[in-house]
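Here's the structure, in structure tokens; my notes come after.
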Amino acid sequence: MPEVFSAILVQHEHNPTRLVQILRDVMAAVGELTPKNITAIALGLGLPRARVEGVACFYSFFETEPRGRYRVLFSDSATDRMAGSVQLRQRLLDAFDLKLGEVSRDNLVSIGTTSCTGLCDQGPALLVNGRAIARLTPARIGALSSLIRGGSPVEDWPENLFAIDVHIRRADLLLATPYLPGDLLQAALARGPQGCIDAVRQANLRGRGGAGFTTGQKWQACRDAPGEAHYVVCNADEGEPGTFKDRVLLSDYADQVFEGMTVAGYAIGARQGYLYLRGEYAFLQDHLQAMLQRRRRDHLLGSGILGVDGWDFDIQIHWGAGAYICGEESALIESMEGKRGIPRNRPPYPVTCGYLNQPTVVNNVETLVAAGFIVGQGPEWFGSRGTPRSAGTRLHSVAGDVERPGVYEYPWGVTVRQVLEDAGARLERTQAVQVGGPSGTLLGPSEFGRRIAFEDVPSAGAFMVFDDSRDMVEVIDNFAHFFAHESCGFCTPCRVGTTLIAQMTHHLVQGKGTRRDLKDLSKVALVMKAASHCGLGNTAGNPILQGLQKFRPAFDGKLASTEVLPSFDLDEALAAAREATGREDEDAHFFGEYCAEAANPASALAAHTSRAAPTALSARKSEVP
């Protein structure tokens, strides 16, 4: 076994549950997971080779084929596209004479896409060897091209290229309340474990990750569950396009995040916590590790917290590797255990049978910050904001067609219009807002008076704003391809349904759609909603159903014909074969004129018949002696 592999396995104690972290470290060390590398890892961990390869192939950031010394991934979210990412991406492709996804002949560079980098407030953005670069411009693309051609290690590139801004536009309870490290721990100690849970329950804190489950109830169930160990997991895998609030919290409020995790651990009787951090946020690693080390030094983490014997709680960072599905709590736990991130069947729920089959609380970053402050400030303080059914405040990631993108903290109950006005959207030109990311709620202008609250429009914390210059069918097509790419493939409704929807929306964007496509889109979306295994499939059809309901003219404008025509184009399907053989002559096309005249099937069929008849007659005559 190569020496570098041995060192990595020793670092992770040859623990198979650390497989995702091991693969990540091997990727960083050697650049790819070749069949030989996968075999060596499997032998070192005592795992079946198929198990290791299955995990390696599941996560987008693990490469099983050479991708060059520099792997460039442009963010392909809707807001990045709106900011010009496609044109900038083409500039870099042209600079190296490459097509998307290709590797240069000298194995220097490959250029591809990733779903979203979490930098929607400062896009377009990209990742190069895992490091994020935001605010892309033609000049930056030129500099990037020169650095790659020069073979300069990414670690030696100018630091200003990697600068990430924090745009906090409005602060309220969570972002503006004074805080000193240790204050919330002292308050927790005064309340006691059950008192902490009671305070969170009385405050009616609901999860900020999107599902909205009552946090106090979750903590109580976990505390009461029998087990050898209890765990706290902070879900920082915010992969929903348009969402970046957790990045801001981890960048500027990491102390409050870790203190909230420690309070949660105290309340449920846990000694170990994990921060599950999406791979796109690798630039936060040094900052977060330094923060954890400082807290250990100050007796705010580790053994004997605040000098109290027996109060032991520590936090480790577990890195994701490019899988949106791992934002679902049971898929996240599977990933932490070194497996493919496929959601579990429930029940049992993580609070009774979670990480390593032990009771586990999984909370969102914002939820843990809010819980810590509730213990410190009291449930009445938290209840001073919001609505009767939606207490407290909510952080929103606002991006798209606004003058001031960034993070806005509002009490629950704020209207969509208020958010748009504060962010500098031109209301007279705003045609749509996607609340809560692609899986959330699509709103039109007549709904801007609605309120962000669990009883009206719930939100996972994202506002994507689209003015009237945007093609809503193209936006929905982008969402459809996102879900098709991110489906874990476990259940048929989601695996097949997301692919079918992506194919049909692409067909519409190309101007080749028919009314049959619109009917089929609705049918597939409804089947996915009713029959999918997890929330990804249940919500992946939301943009389709809501788009057809609220923006039907945009869809109708994409129809090539009002007739019911086959959505499958055989000539288009043969394009790859023509490219491979270098054929573009008439005989290499399948009824080219018929396909071109598909909008008028009767005349096209007649034209084809009139062409075909003489050909057949000539063939018969040639056989006559």
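Structural remarks
- Annotation: amide H-H contacts under 5 Å for Ala171 (H modelled 1.01 Å from N, sequence separation of 5 or more, or interchain): Glu409.
- Taking a ≥ b ≥ c as the square roots of the eigenvalues of the Cα gyration tensor, segment 70-162 is oblate, since a/c reaches 1.5 or more and a/b is not larger than b/c.
- Kirkwood hydrodynamic radius over Cα pairs of segment 168-383, then Stokes diffusion coefficient at 37 °C and 0.692 mPa s, in µm²/s: 193
- Across segment 239-253, coupling constants 3J(HN,Hα) worked out from phi with the 6.51/-1.76/1.60 Karplus curve, θ = phi - 60°, read x, 5, x, x, 10, 8, 5, 5, 4, 5, 4, 6, 7, 10, 10 Hz, and Gly and Pro carry x.
- Sequence of Phe463, Phe283 once ranked by neighbouring C-beta atoms within 10 Å, starting from the fewest: Phe283, Phe463
- Stretched out straight at 0.36 nm per residue, the stretch from Asp156 to Arg271 would grow longer than its current Cα-Cα span by 37.5 nm.
- Straight-distance candidates among the lysines for linking to Lys512, with alpha-carbon spacing under 18 Å and chain neighbours fewer than 8 residues away dropped: Lys558.
- Seen against the Cα atoms of the chain and their longest principal axis, helix 601-622 is set at about 50 degrees.
- Cross-link pairs exceeding 27 Å between alpha carbons, from the set Lys218/Lys245; Lys99/Lys523; Lys245/Lys523; Lys218/Lys550: Lys99/Lys523; Lys245/Lys523; Lys218/Lys550.
- Neighbour counting of Cβ atoms within 10 Å sorts the residues Arg515, Arg18, Arg429, fewest neighbours leading, into Arg429, Arg515, Arg18.
- ³J(HN,Hα) computed for each position of segment 22-28 - Karplus, 6.51 cos²θ - 1.76 cosθ + 1.60, integer Hz, glycine/proline x: 5, 4, 4, 5, 5, 4, 5
- Qualifying trypsin sites (Lys or Arg not before Pro) in segment 325-408, where qualification requires a DSSP coil assignment and no more than 15 other C-beta atoms within 10 Å, comprise Arg389.
- Relative to the longest principal axis of the Cα atoms of the chain, the long axis of helix 49-58 lies at roughly 80 degrees.
- Under 5 Å between amide hydrogens, built in the peptide plane, is the criterion, and for Ile317 it picks out Leu275 among residues at least 5 positions away or on other chains.
- Gap separating the Cα centres of segment 464-528 and segment 271-348, nearest whole Å: 34
- What separates the Cα centres of segment 189-263 and segment 421-438 is a distance of 30 Å.
- Difference of contour (0.36 nm per residue) and Cα-Cα distance, Gln510 to Gln289: 74.8 nm
- Cross-link reach list, aspartates and glutamates versus Lys339, counting only Cα pairs under 13 Å and skipping chain neighbours closer than eight places: Glu53
- C-alpha long axis of helix 254-268 to longest principal axis of the chain, angle in °: 70
- Counted over the chain, the DSSP beta bridges are approximately 45% antiparallel.
- For Glu63, the residues 5 or more places off, or on other chains, whose built amide H falls under 5 Å of its own are Leu33.
- At q = 0.11, 0.22 Å⁻¹, base-10 log of I(q)/I(0) for segment 393-470 (Debye sum, equal scatterers on each alpha carbon): -0.21, -0.93
- Residue-averaged [θ]222 nm for the chain, counting only DSSP H segments that reach four residues, each worth -39500 (n - 2.57): -13000 deg cm²/dmol
- Rounded to the nearest Hz, the phi-derived 3J(HN,Hα) couplings of segment 278-283 under the Karplus curve 6.51 cos²θ - 1.76 cosθ + 1.60 (θ = phi - 60°) are 4, x, 5, 9, 4, 5, where x marks glycine and proline.
- Loop-located GluC sites (Glu not before Pro) across segment 144-232 with a Cβ neighbour count of 11 or fewer within 10 Å are Glu228, with loop assigned by DSSP.
All of the numbers you see were taken from the coordinates with simple rules; none came from a lab. Predicted model, so just to flag it, every value in this text is computed and none were measured. Cβ atoms come from the backbone with ideal geometry, glycine included; neighbour counts cover every protein chain shown.
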